[in-house]
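Asks: Dumping the structure here so I can ask a few things about it.
The values are calculated or read from the model by the stated rules, or taken from the named source; none is laboratory data. The structure displayed is predicted, hence computed values, not measured ones. When we count neighbours, we look across all protein chains shown, and the Cβ atoms used for this are built from the backbone with ideal geometry, even at glycine. Ligands, DNA and RNA are excluded from the accessible area calculation, which covers all protein heavy atoms including side chains. Shrake-Rupley method; radii C 1.70, N 1.55, O 1.52, S 1.80 Å.
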Amino acid sequence: MKLKYLGSGAAEGIPALFCNCFLCKKARALGGKNIRSRAQTLINDDLLLDFGPDTFWHVCRYNLDLSKIRTLLITHAHEDHYCPSEINYRAHGFAYLTGDRDGTDEGFPEMDIYISKGSYDYECALPTEERYLAEGKTPVRFHTVKAFEPFTAQGYAITPLAANHAPGFEALIYLISDGASTLLYAHDTGLFPEETYRYLEAHKPHIDFASLDCTGMASSHNTGGGRHMNLERGRITRARLTELGCADENTVWCMNHFSHNGKSTHEELEAIMAAEGFLVSYDGMETEI
Ligand SMILES: [Zn+2]
Ligand SMILES: [Zn+2]
Ligand SMILES: [Zn+2]
């Protein structure tokens, strides 16, 4: 399984739009891996995790062909992860999926969007799917999914787990397996809820690569209310998953979804995390799982 972090930042990105804190100033000056757009991740070239406000930038920066995306998994309806109005641009006229402006795109595969009911109901005050159906165009299909109810999509076995984040949105963590390897994608979340650990303990998946919320970086910022994590909580999560038998010495641990409140440049964070056995994601980072 190929994984590419398209964006590795939290809601406000780094440098944050209106921010003059020392880290944002430094990020503007240094550029490179210190620039963090909003979190979004590509698996192979056909599965996308989240659809946030930097999707257009990611398409331009990485030369992506989003018509290849058949499966879109939404973690939750916070704006840095889900901008449904942008999905409207898959409709005919905004997009010519077959490349033929005079064609109808008839028969071109839909993109399946998996989302919790809490997040769907919140955002779908806008009648995205209904509008497509009314116009006889069905370029997307929404599926509401629940924590602990696995499903398959385009050959991927996917298990949504409960996150500790935005309860009204029923935020989800995803386990994604292609049969050869398994990814745990935990954004956004605080320390995992006990029900998630109970499910993992009962099913014992082997996690090959774990992408953990690290909004607070190595500091205690952004972990208030328990809805995000940092280095300390990453350590706790790694220990717990290992103890349950879901992870071992072959599991790769990667921190992702960073806020400027964490106050570390990429280089500083990499030094801290390397000593702790964690990788640090950056925009454009690619890995084979
Ligand atoms: Zn977020
Ligand atoms: Zn800042
Ligand atoms: Zn969030």
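Asks: Any idea which residue in the stretch 1-16 is farthest from ligand 2 (Cβ to nearest atom), counting only those that are surrounded by fewer than 22 Cβ atoms within 10 Å (Cβ to Cβ) and within 16 Å of the chain's Cα centre (by Cα)?
Replies: Top of the filtered list is M1.
Asks: Can you go through L191, L200 and tell me which one is in a helix (DSSP H, G or I), modelled with pLDDT of 95 or more and not polar (S, T, N, Q)?
Replies: Residue meeting the stated conditions: L200.
Asks: Let me ask something else. Testing S264 on (1) more than 22 Å from the chain's Cα centre (by Cα); (2) assigned to a loop (DSSP other than H, G, I, E, B); (3) not aliphatic (A, V, I, L, M), one condition comes back false. Which one is that?
Replies: (1)
For every residue, the table says whether it meets (1) touching a residue at least 12 places away in the same chain (Cβ under 8 Å); (2) touching a strand residue (DSSP E or B) at 6+ places or on another chain (Cβ under 7 Å); (3) within 28 Å of T144 (Cα to Cα).
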position	(1), (2), (3)
L184	yes, yes, yes
E195	yes, yes, yes
Y199	yes, yes, yes
A202	no, no, yes
D208	yes, yes, yes
H221	yes, no, no
H228	yes, yes, yes
G234	yes, yes, no
L244	yes, no, no
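Asks: Determine, yes or no, whether D54 is among the charged types (D, E, K, R), within 14 Å of the chain's Cα centre (by Cα) and either within 28 Å of T159 (Cβ to Cβ) or open to solvent by less than 10 Å² (accessible area, probe 1.4 Å) (or both).
Replies: Judged against the criteria, D54 is a match.
Asks: Continuing with this model, one more query. Please work out if G118 is under 30 Å from N256 (Cα atoms) and either open to solvent by 60 Å² or more (accessible area, probe 1.4 Å) or more than 16 Å from the chain's Cα centre (by Cα) (or both).
Replies: So G118 passes the test.
Asks: Also: Residue check: is A39 within 15 Å of ligand 3 (Cβ to nearest atom) and in contact with a His (Cβ under 7 Å, 6 or more places away or on another chain)?
Replies: In short, yes.
Asks: Can you run down the residue pairs with Cβ atoms below 8 Å, 6 or more apart or on separate chains, where the first is in the stretch 165-179 and within 14 Å of ligand 1 (Cβ to nearest atom) and the partner is among the aromatic types (F, W, Y) and open to solvent by 50 Å² or more (accessible area, probe 1.4 Å)?
Replies: Pairs that qualify, where the first residue is within 14 Å of ligand 1 (Cβ to nearest atom) and the partner is among the aromatic types (F, W, Y) and open to solvent by 50 Å² or more (accessible area, probe 1.4 Å), are F169/Y122.
Asks: Here is a follow-up. Being among the aliphatic types (A, V, I, L, M) and more than 28 Å from I69 (Cβ to Cβ) is the filter; apply it to the stretch 17-34 and report the residue that is surrounded by the most Cβ atoms within 10 Å (Cβ to Cβ).
Replies: The selected residue is A27.
Asks: Within the stretch 58-75, how many residues turn out to be closer than 21 Å to E12 by Cβ and buried (at least 17 other Cβ atoms within 10 Å of the Cβ)?
Replies: 3
Asks: Of these, R38, R90, R28, which one is away from ligand 1 (no atom under 16 Å from the Cβ), of a type in the set (K, R) and at pLDDT 95 or above?
Replies: Just a single option satisfies the conditions, and that option is R28.
Asks: Within the stretch 199-210, is there a residue that is buried (at least 21 other Cβ atoms within 10 Å of the Cβ), under 14 Å from the mean Cα position of the chain (by Cα) and within 16 Å of ligand 1 (Cβ to nearest atom)?
Replies: There is no residue in the stretch 199-210 that is buried (at least 21 other Cβ atoms within 10 Å of the Cβ), under 14 Å from the mean Cα position of the chain (by Cα) and within 16 Å of ligand 1 (Cβ to nearest atom).
Asks: Report, ordered by the first and then the second residue, all pairs with beta carbons closer than 8 Å, sequence separation of six or more or different chains, a first member in the stretch 86-99 that is within 15 Å of D65 (Cα to Cα), and a second member that is of a type in the set (G, A, S).
Replies: Within 8 Å, the pairs are Y89/A95; A95/S67; Y96/G103; L97/S67.
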